[in-house]
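Read through the structure below, which is laid out as structure tokens, and then see the notes.
Each value in this text was obtained by applying a stated rule to the coordinates, not by laboratory testing. All values reported here derive from a predicted model rather than from experimental measurement. Because the Cβ atoms are built from the backbone with ideal geometry, glycine has one as well, and the counts that use them run over all protein chains shown.
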Amino acid sequence: MPEGHTLHRLALDLSRDLAGAKLSVSSPQGRFDGVKTLNGKKLIDATAVGKHLFLNFKSAVVHIHLGLFGRFKRHANPPPDARPATRLRLLGPEHAWDLSGPTRCEIADKAQLEALRARLGADPLDPKATPETAWAKMHATSRAIGAVLLDQSVISGIGNVYRAEILFLLGIHPETPSREITRAKFDDLWALAASLLARGVKERRIVTTPAVPGKRATKATALYVYKRDRCRNCGGPIRKFKLGARTMFACETCQPKPKETKTRRARQRDE
DNA sequence: AGCATATGACGAA
DNA sequence: TCGTCCTATGCTC
């Protein structure tokens, strides 16, 4: 689940359960080296930027990136024995949170945090974020828009599911050169990303189809194109292909290819 | 039991 | 562009 909405949801939930408390911190797996520094220390809160999560202790900040496999599990206190792969266990008064499989989980100093922030593009979930830099970057490259949307230094928080769904909803073919996106389309994209991510935080999952009152979206109804065989809108076949090292899903009826300016790769593939 | 798969990102070449 | 790292799940045999 780890796209931007997951980390922002986690920041809220971790803050709700653990903020203000002195935590018992452990690493059943043994691969988190901040246990000594943090055990018994008070957590101020948890925050998120893009796909990065920060545990803000009074004395230090833990930087967590879930990568593809990282997960948090919540338990009531007292929690069950931790699985051996548990990298980090945070035990608060009422709840325990177990982290497994993260790409990153380390104490970060000021310089590291600053470098990270400098590297990340604007996060649509940040109410203070402005899209000007993202627009400038997007407008300045001929890379495929589908690849640019995964680039966390342009916009942070969008992952493989959101990129497919956002491009579908905007009717943009993923191989469209980024610089051909108009300012008006970009503004739509930014607003859509913000609203979908916010909805993801609220619903605790990615949902891009219209809400049906009284019904919860299921795996079968939540998305238009991602991992589907048929387009939820027109019923046509979904094309599945690699783009930016990940699997892209698109309906080429609802997302027509840009005219003449095919990418070189697309041309090669078609011949 | 074993294998394929996954919503991510990095470094080497 | 490829290999690599990290773990859990759900399939197939």
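Where Lys and Arg each count +1 and Asp and Glu each count -1, what net charge lies around A:L197 among other residues with Cβ under 14 Å from its Cβ? Mind showing how you got there, number by number?
On the way: positive: A:R9, A:K51, A:R163, A:R199, A:K202, A:R204, A:R205; negative: A:E3, A:D123, A:D126, A:E165, A:E203.
Charge balance near A:L197 sits at +2.
Please compute the Kirkwood hydrodynamic radius of segment A:132-270 from all pairs of different C-alpha atoms, in Å with one decimal.
Values: mean 1/r = 0.0649 Å⁻¹.
Taking the inverse mean of 1/r over all distinct Cα pairs, segment A:132-270 comes out at 15.4 Å.
Based on alpha-carbon atoms only, what is the radius of gyration of segment A:5-78 relative to the globular estimate 2.2 N^0.38 Å? Working shown, then result.
Details: Rg = 11.9 Å, N = 74, 2.2 N^0.38 = 11.3 Å.
In units of the globular-protein estimate, segment A:5-78 measures up at 1.06.
Spelling out what I want: for every residue of segment A:26-31, take phi, set θ = phi - 60°, compute 6.51 cos²θ - 1.76 cosθ + 1.60 (Karplus), and round to whole Hz; glycine and proline get x.
9, 9, x, 6, x, 9
Using 0.36 nm per residue of separation minus the Cα-Cα distance, give me the extension gain between A:A136 and A:R183 in nm, one decimal. Show your work: numbers first, answer last.
Working: separation 47, 0.36 × 47 = 16.92 nm, distance 0.98 nm.
Here the answer is 15.9 nm.
List the aspartates and glutamates whose alpha-carbon lies under 17 Å from that of A:K36, not counting same-chain residues fewer than 8 positions away?
Straight-distance partners of A:K36: A:E106, A:D109.
Using a Förster distance of 25 angstrom, determine the FRET efficiency expected from the C-beta separation of A:K110 and A:E203, and round it to 0.05.
Working: r = 35 Å, r/R0 = 1.40.
Computed FRET efficiency for A:K110 and A:E203: 0.10.
Would you work out the charge dipole size for segment A:4-119 about its Cα centre, treating the Cβ of every Lys and Arg as +1 and the Cβ of every Asp and Glu as -1, and quote it to the nearest 20 debye? If you can, show how the numbers build up before the last one.
Details: 19 positive and 10 negative charges, 24 e Å.
In total the dipole reaches around 120 debye.
Any idea what the alpha-carbon Rg over 2.2 N^0.38 Å comes to for segment A:79-173?
Details: Rg = 18.1 Å, N = 95, 2.2 N^0.38 = 12.4 Å.
Its radius of gyration relative to the 2.2 N^0.38 Å reference: 1.45.
Under the √(5λ) rule applied to the eigenvalues of the Cα gyration tensor, what semi-axes describe the equivalent ellipsoid of segment A:49-124? Give them in Å, descending.
Details: eigenvalues 126, 40, 24 Å².
Those come to 25, 14, 11 Å.
Collect residues whose amide H, placed 1.01 Å from N in the peptide plane, falls under 5 Å from the amide H of A:T86; neighbours closer than 5 in sequence don't count.
A:Q29
Once fully extended, how much extra length lies between A:R143 and A:T37, figured as 0.36 nm per residue of separation less the alpha-carbon to alpha-carbon distance? If you can, show how the numbers build up before the last one.
Numbers: separation 106, 0.36 × 106 = 38.16 nm, distance 4.39 nm.
That pair, A:R143 and A:T37, stretches by 33.8 nm at full extension.
HN-Hα J couplings of segment A:202-210 from phi, Karplus 6.51/-1.76/1.60, θ = phi - 60°, integer Hz, Gly and Pro as x?
Result, ordered by residue: 5, 8, 6, 6, 7, 10, 10, 8, x Hz.
Once amide H atoms are built 1.01 Å from N in the peptide plane, which residues 5 or more positions from A:C105, or in another chain, come under 5 Å H to H?
A:H65
Taking the 0 to 90 degree range and rounding to the nearest ten, how far is the long axis of helix A:160-170 tilted relative to the main principal axis of chain A, both from C-alpha atoms?
40 degrees
Can you find, among A:F241, A:P258, A:Q152, the residue sitting farthest towards the positive end of the charge dipole of chain A, where Lys and Arg contribute +1 and Asp and Glu -1 at Cβ?
About the Cα centre, the residue reaching furthest to the positive side is A:F241.
Need one number: convex hull volume per residue for chain A, Cα atoms only, in Å³. Write out the running numbers ahead of the final one.
On the way: hull volume 41.3 nm³, N = 271.
Once divided by residue count, the hull of chain A is 153 Å³.
Ignoring everything except DSSP H segments at least 4 long, calculate the 222 nm mean residue ellipticity for chain A; use -39,500 (n - 2.57) per segment, divide by total residues, nearest 500.
-8500 deg cm²/dmol
Over 24 Å between C-alpha atoms is what I'm after, so list which of A:K202/A:K242; A:K51/A:K110; A:K51/A:K259; A:K137/A:K185; A:K58/A:K202 land there. Display every interim value, and only then the final one.
Values: A:K202/A:K242 30 Å; A:K51/A:K110 19 Å; A:K51/A:K259 34 Å; A:K137/A:K185 15 Å; A:K58/A:K202 28 Å.
Beyond 24 Å: A:K202/A:K242; A:K51/A:K259; A:K58/A:K202.
So how far, in whole Å, is the C-alpha centre of segment A:12-72 from the one of segment A:116-152?
27 Å
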